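Derivation of every value follows stated rules applied to the coordinates shown; laboratory data play no part. Predicted model, so just to flag it, every value in this text is computed and none were measured. For neighbour counting, all protein chains shown are included, and Cβ atoms are generated from backbone atoms with ideal geometry for every residue, glycine included.
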Amino acid sequence: LRRDVVGDWGITTDEASARYSAVESWYNDLKHFMISNGPFYLYSVDIPGKKVVLKAHRGYPFRADHWDWLVVPAIPMVNIKPVPEVVPGMEVTIEATVVKGGEPYGDVTAKLLVFDPRGNLVLTKDMEVKDPAAGLLSTTLTTDETALLVPGVALIMVIVTDLETGFVVPRSAPIIVIPEIAYMERVISDIEARLTSDIAGVESSLSKKISDLESSLSGTLTTVLAVVIVSLVISLASLGLTIRAMRAK
């Protein structure tokens, strides 16, 4: 063995000799050099009979389920949050979340594609990983960008690339684009409904206050009338007593 080469590999001469001895023993036992330290090893090959025999490596250190997590690759799942109705010429924010292995995942890049109702690609825009811990993606379409949209059912697509595995995952969702006039009519209708409700509330409150005032005034008038009657009775009684006294004289 060349000591300079063995030294470069980081092993001693004794370790190298032991390994060569192990290779020799392997060949003497199995008659091949397909050396393996996995859960199975090649025991024999019968070429005419087209038969291969594998045997379990009883010294293998891992349990049978140790590598199960590799059976199904962890592919990110993308969910686009509900998008409100889009009005051409008004900003709108598009958000999506990414989950991998049941947990929020933010080690990704993402793009947003917007298609018009006819399926034509209108614009492409990068999405920001706004909160990696929550797997939250976000981007805002500007007034100029939404102005490119026409009324109807458009389509948005979020394309996520997993930086760890390279998997590319697309997710799409429809969005409703409404005309500016329909939006303004809705705003005016909402304002009218709120004003009508406010006016009805004021009328109800005013009616109650008027009723309370009438009740209060009615009670006050009744009290005044009672005082007047009592005073009149007292006056008449006094007058009667005076007349009686004069007759007695």
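Observations
- Ranked Thr146, Thr196, criterion: other C-beta atoms within 10 Å, fewest first: Thr196, Thr146
- Whole-Hz ³J(HN,Hα) from phi, Karplus 6.51 cos²θ - 1.76 cosθ + 1.60, for region 151-161, glycine and proline x: x, x, 9, 8, 9, 10, 10, 9, 10, 10, 10
- Estimated D of region 3-68 in µm² per second, where Rh is the Kirkwood radius over Cα pairs and Stokes-Einstein applies at 25 °C, 0.890 mPa s: 170
- Remark: the Met90-Thr161 segment gains 22.7 nm on full extension, using 0.36 nm per residue and subtracting the alpha carbon distance.
- Region 99-154: trypsin sites (Lys or Arg not before Pro) in DSSP coil with no more than 16 other Cβ atoms inside 10 Å: Arg118
- Contour minus Cα-Cα distance for Arg194 and Ala147 (0.36 nm per residue): 14.0 nm
- Amide hydrogen neighbours beyond the local backbone of His57, cut-off 5 Å, H modeled: Phe40, Tyr41
- Put simply, the amide H of Val86, placed in the peptide plane, has neighbours under 5 Å in Ile176, Val177, Ile178, leaving out anything fewer than 5 places away on its chain.
- Calculated FRET value between Lys50 and Val168, using beta carbons and R₀ = 35 Å, to 0.05: 0.30
- Sorted by Cβ neighbour density within 10 Å, fewest at the top, the residues Asp46, Asp131: Asp46, Asp131
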